[in-house]
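Q: Questions regarding the structure given below will be posed in turn.
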Amino acid sequence: LQKAISDYARTAEVVIAIPFKNSANTLRRAIQSALMQELSDGHCAILILDDQSTDVWRDDVEDLLDHPAIVHVAGHCGSPAHARNAALDFIDADLPQARWVARLDADDCFSSAIAVESLWSEGESKDALFVIGSNDLVSNGEKKDSPNFANPDVLLNPSRLVAFIRAFCTGQSPHELPSCNLMLRVRSGI
């Protein structure tokens with residue numbers, strides 16, 4: 001833990017987790033995207049987890065770190081998957097009011113100011129354990145024109161999902177799975 005957790009962050013029912021390593025060029029946009037999220041009932045905390053960065057990311061976001069929604073932790077996770085899991089573990093243990101965690105990669109941003117609200121309300125209304133949402137993609141600091149849509153016709157159809165993954169892995173699709181906008185119910189065992 002790099003700074004004390006504010007009461008504002010402690011009372012948030014939704015946490016946006018942004019694990020990163022060496023993301024100086026994109027982290028500001030991701031954090032600003034998270035700070036812009038609007039919830040009809042409550043507010044979001046934003047957990048940033050630095051996994052042993054060696055770049056000067058802090059110089060570009062120093063002014064944002066004081067925001068009461070920001071929870072700043074550092075760790076030695078070793079891979080993006082381990083960093084994502086460490087963020088979930090931290091939220092489970094240290095943010096007991098949290099009910100949901102939305103994941104946002106440091107090189108992406110939410111597609112709108114109500115993206116998290118939409119995920120949260122969908123998860124709550126269906127008593128789901130997880131929800132996948134759409135996201136905008138950023139390349140070289142510029143938002144791409146083509147968003148990464150979480151299309152249920154693809155994601156809920158095993159054969160179409162496999163075809164989509166194959167196309168992405170072989171460079172035949174400009175899109176990726178929108179897994180960075182995965183929202184999980186906390187303390188659910190996932």
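Q: Just name one of Gly75, Leu64, Val101: the one whose Cα is farthest towards the positive end of the charge dipole of the range 59-103 (beta-carbon charges, Lys/Arg +1, Asp/Glu -1).
A: Of the listed residues, the answer is Val101.
Q: Further question: At 1.4 Å probe radius, can you tell me the per residue accessible area of the chain in Å²?
A: Accessible surface, normalised per residue, equals 52 Å².
Q: Continuing with this model, one more query. Please list, or write none, the lysines whose alpha carbon is within less than 30 Å of the alpha carbon of Lys143, excluding same-chain residues fewer than 8 places away.
A: Straight-line reach from Lys143, under 30 Å: Lys21.
Q: If you don't mind, there's one more thing I want to ask. At a 1.4 Å probe, what is the % contribution of carbon and sulfur to the accessible area of the range 5-95?
A: Carbon plus sulfur share of accessible area: 46 percent.
Q: For Ala17, which sequence-distant residues (separation of 5 or more, or a different chain) have an amide H within less than 5 Å of its own amide H, given hydrogens modelled in the peptide plane?
A: Amide H neighbours of Ala17: Leu47, Ala102, Arg103, Leu104.
Q: Let me ask something else. Averaged over all directions, how much area does the convex hull of the C-alpha atoms of the chain cover when projected, in nm²?
A: Quarter of the Cα hull surface area: 10.8 nm².
Q: So, in nm, how far is label Ser173 from label Val154 when the simple model puts each one 7 Å beyond its Cα toward the Cβ?
A: 0.4 nm
The values are calculated or read from the model by the stated rules, or taken from the named source; none is laboratory data. Remember, it's a predicted structure, so these values are computed and weren't measured experimentally. Note: ideal-geometry Cβ built from the backbone for every residue, glycine included; neighbour counts use all protein chains shown. Accessible surface is based on the protein model in full, side chains and every heavy atom, while ligands, DNA and RNA are left aside. Shrake-Rupley method; radii C 1.70, N 1.55, O 1.52, S 1.80 Å.
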